[in-house]
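The values are calculated or read from the model by the stated rules, or taken from the named source; none is laboratory data. Source: prediction; values computed, not measured. Here the Cβ is made from the backbone with ideal geometry for all residues, glycine too, and neighbour counts use every protein chain on show.
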Amino acid sequence: MKIIVQKFGGTSVATPEARIAVKDKVQQAIRKGLSPVVVVSAMGRRGAPYATDTLIDVLKNENISVNVRELDVMMCCGEIISACVMAATLQKFGINAMALTGGQAGIITDSQFGAARIKNINVSNLHHLLESGIIPVVCGFQGVTENNYKFTTLGRGGSDTSAAALGAALHAEFVEIYTDVEGIMTADPRIVEEANILHQITYAEVCQMAQNGAKVIHPRAVEIAMSRNIPVYVKSTFSDAPGTLITNERSDCSCGSDISINEHLASGVAHLCDLAQFRIELNPDDIAAGRMLFEDLADAGISVGCLNLSEKEAMFAVFSPDVAHTCKVLEDTGFKYVLNEGCAKVSVVGSAMRGVPGIMANFVAALAGKKIGILQTVDSDTTISAIIKEEHLVDAVNALHQAFKL
Ligand code: ASP
Ligand code: MG
């Protein structure tokens, strides 16, 4: 049996027409001799009656505080309704299908409500259904705790994680993530008009894209697929376009130091908004100053990014909602700082950039060409990022997209 996992996001199951498009995708897989396991998100986005955010708002609007356990039960309802409607749609078209909660599909998690981790998946029920010719329609985003079967959710966007974890547990041939765009793009098309669909991208790159702000696929899902080397396709429910294939390697690019930046070394440009940069003066004679600074921030539970530490100075960025708390910690502990609010982070992502000379020069030249000041850069094996003023974001993303010939 060749098992695949087909995950359909909120917009793919939102309307009767969309659900027929889903039915077509399931039917196509069956006709190819594959055994699909369907995973669904809740139907639609905020405002749609059973969307996750609408369900959360029901409780918020009552102005009562619910505990995290009840909130998870509430949120699970969205996927349960969606799976029932989707299974009924498949049945209407003669496809033998059955809706299953995360627990019924064997998904066992820890008890961290709202951000549960999958501990294991007992696939016997799914195997039994597949062998009987029944298509399981599994609620994404949810599981149950090991001993007492309490409902849990996996964190927002967690249906992707459910799909990848089911793919891993079932040794699926591949996982398909269906959405309303035709694949992963080289940049946000609302910012870059010429953004293109990527045919291929590596797991590492797509994780970096997601962590640096691209809303493509949940990074946890990619980590799971990567750990088992399961190919993942990101595709549109509403077209037959081939989508983006996520695997270990890109076969469409040559790697190594003998190639120039004119070739496709980068895969995409990602961006994050709503950041603030802190620059902290450090006494070069006090060797413990940097350590104390980061310990104080950690003790206060502040998560910082874009870290840079030298003898005389430390720099980092936080999201805007954390600014006041960070200022208070720095003032209480006596650190002098300069605060730069209204910042954004732009990142060029590409595994093939590793070890190629001239990448940083190209990056800096692209921003300088648009007279965009760089407040700080950070880099990793597969990314170069800059903190800039948010007002330059559109220009910066476009300039980098052009400079790296995406
Ligand atoms: N419905 C959940 C959410 O909105 C899970 C998902 O869509 O992946 O976060
Ligand atoms: Mg999603």
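From the list 168, 164, which residue is within 16 Å of ligand 2 (Cβ to nearest atom) and not in a loop (DSSP other than H, G, I, E, B)?
The unique qualifying residue is 164.
In the set (1) surrounded by 14 or more Cβ atoms within 10 Å (Cβ to Cβ); (2) touching a helix residue (DSSP H, G or I) at 6+ places or on another chain (Cβ under 6 Å); (3) farther than 28 Å from residue 271 by Cα, the condition left unmet by residue 289 is number (2).
Exactly one residue out of 234, 175, 181, 192 is within 16 Å of ligand 1 (Cβ to nearest atom), hydrophobic (A, V, I, L, M, F, W, C), closer than 29 Å to residue 317 by Cβ and more than 14 Å from the chain's Cα centre (by Cα), and it is 181. In region 295-305 there is at least one residue matching the filter, namely being buried (at least 16 other Cβ atoms within 10 Å of the Cβ) and part of a strand (DSSP E or B). Residues that are more than 16 Å from ligand 2 (Cβ to nearest atom), surrounded by fewer than 19 Cβ atoms within 10 Å (Cβ to Cβ) and in contact (Cβ under 8 Å) with a residue 12 or more places away in the chain do occur in region 172-180, at least one of them. Can you find even one residue in region 220-229 that is part of a strand (DSSP E or B), out of contact with any Cys (no Cβ under 9 Å at 6 or more places or on another chain) and either within 15 Å of ligand 2 (Cβ to nearest atom) or touching a residue at least 40 places away in the same chain (Cβ under 8 Å) (or both)? The answer is no; no qualifying residue exists.
When restricted to residues that are in a strand (DSSP E or B) and either touching a Lys or Arg at 6+ places or on another chain (Cβ under 6 Å) or within 11 Å of ligand 2 (Cβ to nearest atom) (or both), region 150-161 contains 0. In the set (1) away from ligand 1 (no atom under 14 Å from the Cβ); (2) in a helix (DSSP H, G or I); (3) within 27 Å of residue 48 (Cβ to Cβ), residue 129 fails one condition alone, (3). Filtering 169, 164 for residues that are over 24 Å from residue 396 (Cα atoms), modelled with pLDDT of 95 or more, among the small types (Gly, Ala, Ser) and in contact with a helix residue (DSSP H, G or I) (Cβ under 6 Å, 6 or more places away or on another chain) leaves a single hit, 164.
Does residue 134 fit the bill of being among the β-branched types (Val, Ile, Thr) and more than 16 Å from ligand 1 (Cβ to nearest atom)?
It is true that residue 134 is among the β-branched types (Val, Ile, Thr) and more than 16 Å from ligand 1 (Cβ to nearest atom).
When residue 64 is tested against (1) more than 25 Å from the chain's Cα centre (by Cα); (2) modelled with pLDDT of 95 or more, just one condition goes unmet, and that condition is (2). Taken over region 101-119, the residue count meeting the criterion of being under 20 Å from the mean Cα position of the chain (by Cα), buried (at least 23 other Cβ atoms within 10 Å of the Cβ) and in a loop (DSSP other than H, G, I, E, B) is 1. Among the residues of region 132-144, which ones are within 16 Å of ligand 2 (Cβ to nearest atom) and in a loop (DSSP other than H, G, I, E, B)? Selection gives 140, 141.
Among the residues of region 189-214, those that are part of a loop (DSSP other than H, G, I, E, B), in contact (Cβ under 8 Å) with a residue 12 or more places away in the chain and out of contact with any strand residue (DSSP E or B) (no Cβ under 7 Å at 6 or more places or on another chain) comprise 191, 192, 194.
It is to be established whether one or more residues within region 92-99 are away from ligand 1 (no atom under 16 Å from the Cβ), at positive phi and among the small types (Gly, Ala, Ser).
Taking region 92-99 first, the residues away from ligand 1 (no atom under 16 Å from the Cβ) are 92-98.
Adding the requirement that they be at positive phi leaves 94.
Filter once more, so that each one left must be among the small types (Gly, Ala, Ser): 94.
Yes, region 92-99 contains a residue that is away from ligand 1 (no atom under 16 Å from the Cβ), at positive phi and among the small types (Gly, Ala, Ser).
On the stretch given as region 12-57, residues that are part of a helix (DSSP H, G or I), in contact with a strand residue (DSSP E or B) (Cβ under 7 Å, 6 or more places away or on another chain), polar (S, T, N, Q) and in contact (Cβ under 8 Å) with a residue 60 or more places away in the chain total 1.
Right, residue 192: of a type outside the set (D, E, K, R), at pLDDT 95 or above and farther than 27 Å from residue 2 by Cβ or not? So residue 192 fits the description; yes. On inspection, residue 147 qualifies as more than 16 Å from ligand 2 (Cβ to nearest atom), under 25 Å from residue 71 (Cβ atoms) and either at pLDDT 95 or above or surrounded by fewer than 17 Cβ atoms within 10 Å (Cβ to Cβ) (or both). One residue alone among 132, 159 is buried (at least 23 other Cβ atoms within 10 Å of the Cβ), closer than 30 Å to residue 94 by Cβ and of a type in the set (S, T, N, Q), and that residue is 159.
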